[in-house]
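Novice: One structure is given below, represented as structure tokens, and several questions about it will come after.
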Amino acid sequence: MALLEGKTAIITGAASPRGLGKACAMLFAEHGARICILDLDQAAAQSEADTLPGSGHRGIACDVTSKSQCDTVVRNILEDMQTVDILVNNAGITQPLKIMQIEPENYDAVLDVNLRGTLNMSQALIPHMRERGSGSIVNMSSVSAQRGGGIFGGPHYSAAKAGILGLTKAMARELAPDGIRANAICPGFIATDITAGKLTPEMKAQILEGIPMGRAGKASDVAGCALFLASDLAAYVTGSEVDVNGGSLIH
């Protein structure tokens with residue numbers, strides 16, 4: 001059963017072949033959706049869009065930290081595709097800094113991409129979703145927001161991802177009367193390019209000890225949750241934060 005037949009989805013930060021955004025794009029496309037992959041590099045975004053099953057997918061350059069770019073890109077997508085049903089705010093960066101190492105430029109970079117980018121893209125699309133009386137927004141937070149780091153990102157990353165949780169709940173409350181749902185996913189330790197090669201074997205062993213399921217997550221684990229939240233299976237789910245972490249938060 002195709003859960004997203006006839007739907008159109010925008011997924012930000014989805015040009016990394018082994019990233020969470022690309023895994024979401026692949027699974028959504030397998031379920032019948034048309035996908036707009038947004039990333040900084042248009043060629044990379046289109047290259048990944050071309051690997052998706054189905055047809056009509058687009059790869060588009062967009063810096064989510066720029067409100068004007070987000071507004072322009074969404075306007076162009078709506079001219080091209082008429083409707084957008086789903087937004088996955090996946091674009092994010094991280095930095096493994098300690099509290100006293102965080103300089104103003106580090107703070108700005110991490111907060112801007114993760115948190116401001118989520119707001120910018122949502123604001124660009126909400127008027128269209130309100131007009132249609134429906135829409136699903138899926139925001140990517142992190143277990144780091146809930147437990148104060150402890151995996152890879154610094155305190156400013158935890159703060160940005162915690163901000164996404166607050167923003168998601170506030171959006172859900174405000175937008176529910178308009179038929180728009182907003183939910184957040186909190187991945188735990190997922191094997192993606194963002195951590196590839198940056199963890200020593202000792203660090204990885206320590207992380208796995210804290211995961212009851214005893215393994216790192218896969219990008220597809222997160223994509224499955226995003227598919228549920230984006231689809232009508234989650235028609236009565238809004239304002240939630242869903243843990244996808246192998247049980248690490250309960251450990």
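The numbers here are math on the coordinates, done by the rules we state, and not lab data. Quick caveat, the model's predicted, so the values are computed rather than measured. Positions of Cβ are generated from backbone atoms using ideal geometry, with glycine treated the same way; all protein chains shown enter the neighbour counts.
Novice: List residues of the range 58-97, by number, whose backbone nitrogen lies under 17 Å from a label position 7 Å along Cα→C-beta of A109.
Specialist: Correct set: 63-66, 91-97.
Novice: Full extension from Q101 to T72: what is 0.36 nm times the residue separation minus their Cα-Cα distance, to one decimal in nm?
Specialist: Length difference between fully extended and current span is 6.9 nm.
Novice: Also, quick follow-up: Looking at the chain, send over the antiparallel percent of its DSSP beta bridges, to the nearest 5.
Specialist: Of all bridge pairs located within the chain, approximately 0 percent are antiparallel.
Novice: Considering the options L229, Q42, N245, tell which one lies farthest towards the positive end of the dipole of the chain, charges being +1 on Lys and Arg and -1 on Asp and Glu at the Cβ, about the Cα centre.
Specialist: So the residue we want is N245.
Novice: How big is the Kirkwood radius of the chain, worked out from every pair of different alpha carbons and given in Å to one decimal?
Specialist: Evaluated over the chain, this radius sits at 18.0 Å.
Novice: Compute the semi-axes of the equivalent ellipsoid of the range 50-193, taking the square root of 5 times each eigenvalue of the Cα gyration tensor, and list them largest first in whole Å.
Specialist: 28, 17, 15
Novice: Now a separate question. Using the Karplus curve 6.51 cos²θ - 1.76 cosθ + 1.60 with θ = phi - 60°, work out ³J(HN,Hα) for each residue of the range 123-140 in order, rounded to whole Hz, and write x for Gly and Pro.
Specialist: Result, rounded to whole Hz: 4, 5, 9, 4, x, 5, 5, 4, 4, 7, x, 7, x, 10, 10, 10, 9, 9.
Novice: Most mobile of I35, I102, I164 per a Gaussian network model of the chain (Cα springs, under 10 Å)?
Specialist: Largest GNM mean-square fluctuation: I102.
Novice: Ok, one more. In a GNM of the chain with a 10 Å cut-off on Cα contacts, which of Q69, Q206, Q46 has the highest mean-square fluctuation?
Specialist: Comparing Q69, Q206, Q46 in the GNM, the peak value goes to Q206.
Novice: Here is a follow-up. What are the lysines whose alpha-carbon lies under 26 Å from the alpha-carbon of K98, with same-chain residues fewer than 8 places away excluded?
Specialist: Here the lysines satisfying the reach criterion relative to K98 are K161, K198, K204.
Novice: Let me ask another. How big is the dipole moment of the range 132-247 about its Cα centre under a simple scheme where the beta carbon of each Lys and Arg is +1, that of each Asp and Glu is -1, and everything else is neutral? Debye, nearest 20, please.
Specialist: Magnitude of the dipole: close to 80 debye.
Novice: Please report the relative contact order for the chain, taking Cα pairs under 8 Å with a sequence separation of at least 6, and give it as a percent rounded to a whole number.
Specialist: Once normalised by length, the contact order is 19 percent.
Novice: Between S240 and Q82, what FRET efficiency comes out of the Förster formula 1/(1 + (r/R0)^6) with R0 = 30 Å and r the beta carbon distance, rounded to 0.05?
Specialist: For Q82 and S240, the calculated efficiency is 0.55.
Novice: Mind telling me which of K161, K67, K204 comes out most flexible in a GNM of the chain, alpha-carbon contacts under 10 Å?
Specialist: K204
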